[in-house]
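Asker: Submitted below is the structure of interest, expressed as C-alpha cells.
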Amino acid sequence: MIHQYQGEGNFSAFGSDVLGGVDLDYDDVPDFAVAARFADFGGVSGQGAVYVYSGRDGELLTRFVGQEREYLGTTLDFVNDISGDEKDEIMFYENAGVPPGTRNPGAIGIYSFDSFLEADRLSISSSQGGTVKFDHKFPISEGGKAYRLLASSDRRGIAHWNGVDVPLAKTWLLHRTAFGGLGGIPGAVGFLDSNGHAITLMSLNPGVASAFIGRTIGFASVTFHAPDQPSLSSARILVLIEP
C-alpha cells in the first residue's frame with residue numbers, strides 16, 4: 001500500500017468519486033481528487049467536500065467544502081485547459097447559489113489553480129550547470145509591489161508569515177532566503193512590473209551544486225505590501241539537482 005486516506009466524520013461517503021491524471025500543482029506529477037458528498041463539518045449537515053492530493057507525496061493540496069445540504073462533489077471530473085492559460089482545471093457539482101432548503105436546480109463549478117510562479121525547467125545538472133528561469137505571474141493588483149523568491153527543502157510544510165501561508169517547510173534555507181535573499185541570483189528580490197510580473201534567473205556554474213546532487217529544492221514567490229508584511233504567496237515549485 002502506498003497511501004491510505006480516511007474521511008472526516010461518520011458516513012461522509014469519502015471516496016464516493018475518485019479520479020486522477022491531471023497535474024494541478026505544476027510539479028510534473030499527476031495529482032488526484034476524492035469526493036465525500038455527505039461530509040458534515042461543525043454540525044452542518046449535507047455539505048459535502050472535495051479533496052485534492054499531490055501525486056508526488058500524497059499530501060493534501062486543498063479542500064473544497066460545500067454549504068448546508070449542498071452535497072458538494074456528487075460528480076467530479078478534471079477538465080483539460082478550457083480557460084486558455086495552459087493549465088488544467090477541476091470540475092464538480094455544487095449548489096446553484098440558492099439558500100439551504102430551497103429547491104436547487106444544481107450547478108457545476110469549474111476551478112483553476114493559479115500558481116503565480118512558473119519555471120522553464122524542473123531539473124538542472126550539477127556537472128553541466130545551466131539556468132532555471134522563474135516567471136513570477138501575480139495578479140495585476142500586485143503590480144509594483146516588492147517580491148522575494150524563497151527556497152527550502154522538498155519536505156512539504158506551511159510557513160505562516162504574518163497572515164500569509166507560504167507552502168514551504170520551515171528550514172534554515174527558508175529563513176536565509178526570507179531575510180537574506182538568494183545571493184548572486186538576478187531577480188531573486190525586486191519589484192513586480194505594472195502587470196504583476198517579474199523574472200528570476202538562477203544560473204549555476206558546473207560543479208557549484210555538487211553538494212546538492214540528488215536533492216530537490218522547493219521554491220515559492222511572495223509579494224509584500226510593506227516591509228515584512230506579505231501580500232500573496234505563490235504555489236511551490238520543485239527543482240531537482242541532478243549529477
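Asker: If we keep just the residues of the range 214-226 that are in contact (Cβ under 8 Å) with a residue 40 or more places away in the chain and over 19 Å from Val132 (Cβ atoms), which is surrounded by the fewest Cβ atoms within 10 Å (Cβ to Cβ)? Reasoning before the result, please.
Answerer: First, the residues of the range 214-226 that are in contact (Cβ under 8 Å) with a residue 40 or more places away in the chain: 215-225.
This time we only want the ones that are over 19 Å from Val132 (Cβ atoms), so: 223-225.
Numbers: Thr223: 26, Phe224: 19, His225: 11.
Among them, the one singled out is His225.
Asker: Turning to a different aspect of this structure: Return the only residue of Leu204, Leu240, Leu232 being among the hydrophobic types (A, V, I, L, M, F, W, C) and touching a helix residue (DSSP H, G or I) at 6+ places or on another chain (Cβ under 9 Å).
Answerer: Working: Leu204 fails: touching a helix residue (DSSP H, G or I) at 6+ places or on another chain (Cβ under 9 Å); Leu240 fails: touching a helix residue (DSSP H, G or I) at 6+ places or on another chain (Cβ under 9 Å).
Selected residue: Leu232, the only one of Leu204, Leu240, Leu232 that is among the hydrophobic types (A, V, I, L, M, F, W, C) and touching a helix residue (DSSP H, G or I) at 6+ places or on another chain (Cβ under 9 Å).
Asker: What is the residue count in the range 1-57 for residues that are more than 21 Å from Ile110 (Cα to Cα) and in a strand (DSSP E or B)?
Answerer: 2
Asker: A further question on this structure: Only one of (1) at pLDDT 90 or above; (2) on the phi > 0 side of the Ramachandran plot is not met by Ile124, so which one is it?
Answerer: That leaves (2) as the condition not met.
Every residue, every condition in (1) more than 28 Å from Gly55 (Cα to Cα); (2) more than 15 Å from the chain's Cα centre (by Cα); (3) touching a residue at least 12 places away in the same chain (Cβ under 8 Å); (4) not assigned by TED's automatic domain parsing to the domain that holds Tyr53, yes or no:
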| site | (1), (2), (3), (4) |
| --- | --- |
| Lys145 | yes, yes, yes, yes |
| Leu150 | no, no, yes, yes |
| Gly157 | no, no, yes, yes |
| Asn162 | yes, yes, yes, yes |
| Pro167 | no, no, yes, yes |
| Thr171 | no, yes, yes, yes |
| Gly181 | yes, yes, yes, yes |
| Ala188 | yes, yes, yes, yes |
| Phe191 | yes, yes, yes, yes |
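Asker: Which ones in the range 149-181 are of a type in the set (Asp, Glu) and part of a strand (DSSP E or B)?
Answerer: Asp165
Asker: Would a scan of the range 124-138 turn up a residue that is of a type in the set (D, E, K, R), in contact with a Gly (Cβ under 6 Å, 6 or more places away or on another chain), surrounded by 18 or more Cβ atoms within 10 Å (Cβ to Cβ) and not in a loop (DSSP other than H, G, I, E, B)? It would help to see each step written out before you state the result.
Answerer: Step one: list which residues in the range 124-138 are of a type in the set (D, E, K, R), which gives 133, 135, 137.
Remaining after also requiring in contact with a Gly (Cβ under 6 Å, 6 or more places away or on another chain): none.
There is no residue in the range 124-138 that is of a type in the set (D, E, K, R), in contact with a Gly (Cβ under 6 Å, 6 or more places away or on another chain), surrounded by 18 or more Cβ atoms within 10 Å (Cβ to Cβ) and not in a loop (DSSP other than H, G, I, E, B).
The values are calculated or read from the model by the stated rules, or taken from the named source; none is laboratory data. As the structure is a prediction and not an experimental result, all values here were calculated from the model. Neighbour counts run over all protein chains shown; Cβ positions are idealised from the backbone, glycine included.
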